[in-house]
Amino acid sequence: MKSKNLLSQLTRIEQSLHDFSFDELTSEEALSLQETFNAFKLKLEAKIFDPQGKVGAETFNQEKSTKINADATQLIAQVSHEIRTPLNGIIGFTDLLKEDEAMSKPQIEKVDAIQKASYSLMEIISELLEYSKLSSGIENFENVNFDFRTVIGDVCYLTKTLISEKNIEFNATVHENIPVALKGDPSKLSQVLLNLLGNAVKFVDQGSIHLTIKSKQIDSNKVLLEFDVIDTGIGISKEHIGHIFDSFKQAEFNTFAKYGGTGLGLNIVKQIIEKLGGSIRVTSALGQGSTFNFKIPFEIGNAQVIKNQKINRITKAQLNEVEDLNILVFEDNLLNQKLIDQRLKSWHCNVSITEDANQGLKILQNQKIDLIFMDLKMPNKSGFEVTQMIRNHNDKNIRLIPIIALSADFSKSDKDNCRKHRINDFILKPYRTGDLIDKIIKNKKSFERAQMREALVMNPNEIDKMKNKKIDLIPILDECMGDISILEELIQLFINNAQEFMNLAKDHIKNKNIEQLEFAAHKIKSGLKMMNCDILLTIIQQIQKGCKEEVDMSHLKILYDQFVTEYPSIEFEMAKALNNLKNK
């Protein structure tokens, strides 16, 4: 009990100490006082929870440190999520503002500044999250077959887009003896290269950047790849090069003021490379540029798996199919975001990208979306969870939108989950351009067919409206010159024709005889028009349309069943109307 009271008082003291430090001390004094208090607190907790010293202070401190790291990682992830959501909104609204033609040049410049600052903050948040995940050991690393040259080609393409406004020469040399197929984590390799090349672009105002890649055979199953990123930028001084890979460190004291950043990028690069079994070093001289050299071992991949992973030639007909499509992409990886954004926009698609489920749902509600790409492994909600939210949406048009899963490793359980969550299709990362456009076209057509099916099936409101419309035989009686017996013969003929249609249509659908089904529908249509049977006439017209468009037998069966369901009430109302005329 005394221990509990003591710890409770300790917590209150810690809070009071925090308030006092904030109000009365300088940052250095506060930090020194906090460190002293923490040391005292750790020793006290060790005495309370381990009075005999069996665990040992070092072990206890390690456990405490592990818990603190886990808590910090969770806090960073939560804060990251909370900040990303409004940031995505700010970026989205600045995009909308830039589309306003009435904006003046100064206004556009201010909006650009807001957007640039928002993207910078987003980059900082992403680096903090990545750093915390790596430091706590919860970062996921994949081991998949990939086309090495495709990955390098994508990295080089993005690097060239970064230097478009600078006078920088960029080239890459990839030695021919590197196997086409490797096995490892292509996204992490891309992340490392883009970070190093991005830094080079940032610190080179004019000059050159060169990427060289060579390999050394380790054994029959492995190769060691050696990468050099060489630039002619500002370089790093001797006194700072020793801590260039430390967290929250930057080469010079004024680097942040001029170039921004968190000082985490190179630490993240080093952690990733070491977790992949590699190593990194840097050589540099102030004012003469830098060379980052790193090595990573890779397994030799299965060439059969990726032998078709060559970029297909895109035809004009394919481009016409996808032009002006509105595509929503759920993706959290910055590299993949940029790649798919560039590719889709080069085909004149309208692209929205987010990693946040709520932001994505807002886009779906406020914009017309034709197709969704869904990354299955996102940090906050998985692709399956986001898909479930879409498939359960109260708007049927949103529920019907085709969803294509994106994944670097598509297992049998992923396939089962896709089927369970009604994901329409999937594509493996890194994907071929030809595969990407083929999937878009295929699912676009499926969506159009689904919309057609929805349009063909009469909704309950339309049915109720037509049911409430009474059968009026007086105009038909007038056509029969007031002769009830002739009217009775016409009604009997109508009944015979309807029953004949139902018998024939059932067999035609069973035998998939579309031509005969369309003929049977055509044959009964004139009788339905004459008898003013709007509900049955509409169904027959939809059956005819379904026979002429791309045929879906299951949907034609639904329409037939609808006709069979509605027919008895029509016959009953017709008999009732006839009796009323007879009794007049």
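Here are some notes:
- Residue count, the range 531-584 (criterion: outside any helix (DSSP H, G or I) and touching a Phe, Trp or Tyr at 6+ places or on another chain (Cβ under 6 Å)): 1
- Any hit, the range 378-386, residues being among the aliphatic types (A, V, I, L, M) and over 22 Å from Asp435 (Cα atoms): yes
- Residue list for the range 255-273, filter: surrounded by fewer than 16 Cβ atoms within 10 Å (Cβ to Cβ) and at pLDDT 90 or above: none
- Identity of the residue in the range 202-224, surrounded by 19 or more Cβ atoms within 10 Å (Cβ to Cβ) and at pLDDT below 90, that ends up nearest to Asp147 (Cα to Cα): Lys202
- No other residue among Lys445, Lys465 is under 25 Å from Ala575 (Cα atoms), assigned to a helix (DSSP H, G or I) and at pLDDT below 90 apart from Lys465.
- Among the residues of the range 543-568, those that are modelled with pLDDT under 85 and of a type in the set (S, T, N, Q) comprise Ser554, Gln562, Thr565.
- Residue within the range 143-165 that is farther than 24 Å from Arg343 by Cβ and either assigned by TED's automatic domain parsing to the domain that holds Asn293 or under 31 Å from the mean Cα position of the chain (by Cα) (or both) present: yes
- When residues of the range 357-383 are limited to those that are among the hydrophobic types (A, V, I, L, M, F, W, C) and modelled with pLDDT under 90, the one nearest to Ile403 (Cα to Cα): Leu376
Yes or no, residue by residue, for (1) modelled with pLDDT of 90 or more; (2) over 26 Å from Met553 (Cα atoms):
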| position | (1), (2) |
| --- | --- |
| Cys480 | no, yes |
| Ile486 | no, yes |
| Phe494 | no, yes |
| Met502 | yes, no |
| Ala505 | yes, no |
| Lys510 | no, no |
| Ile514 | no, no |
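- Residues satisfying the stated conditions in the range 155-195, i.e. over 18 Å from Ile300 (Cβ atoms) and among the aliphatic types (A, V, I, L, M): Val155, Leu158, Leu162, Ile163, Ile168, Ala172, Val192, Leu193, Leu194
- Pairs are defined by a Cβ separation below 7 Å, a sequence spacing of at least 6 or placement on different chains, a first member in the range 368-381 that is within 9 Å of Glu331 (Cβ to Cβ), and a second member that is of a type in the set (Ser, Thr, Tyr) and outside any loop (DSSP other than H, G, I, E, B); the pairs so defined are Met374/Thr387.
- Check on His508, farther than 30 Å from Glu479 by Cα and in contact with a helix residue (DSSP H, G or I) (Cβ under 7 Å, 6 or more places away or on another chain): yes
- So Thr173, is it of a type in the set (Ser, Thr, Tyr), surrounded by fewer than 18 Cβ atoms within 10 Å (Cβ to Cβ) and at pLDDT 80 or above: yes
- Test for His555: is it within 30 Å of Phe447 (Cα to Cα), surrounded by 19 or more Cβ atoms within 10 Å (Cβ to Cβ) and touching a Gly at 6+ places or on another chain (Cβ under 8 Å): yes
- Some residue of the range 509-517 being under 22 Å from Ile471 (Cα atoms) and not assigned by TED's automatic domain parsing to the domain that holds Glu448: no
- The requirement of being part of a loop (DSSP other than H, G, I, E, B) and surrounded by 19 or more Cβ atoms within 10 Å (Cβ to Cβ) is satisfied by Ile423.
The values are calculated or read from the model by the stated rules, or taken from the named source; none is laboratory data. Every value quoted in this text rests on a predicted model; they were computed, and no experiment measured them. So basically every Cβ, Gly included, is an ideal-geometry build from the backbone, and we count neighbours across all protein chains shown.
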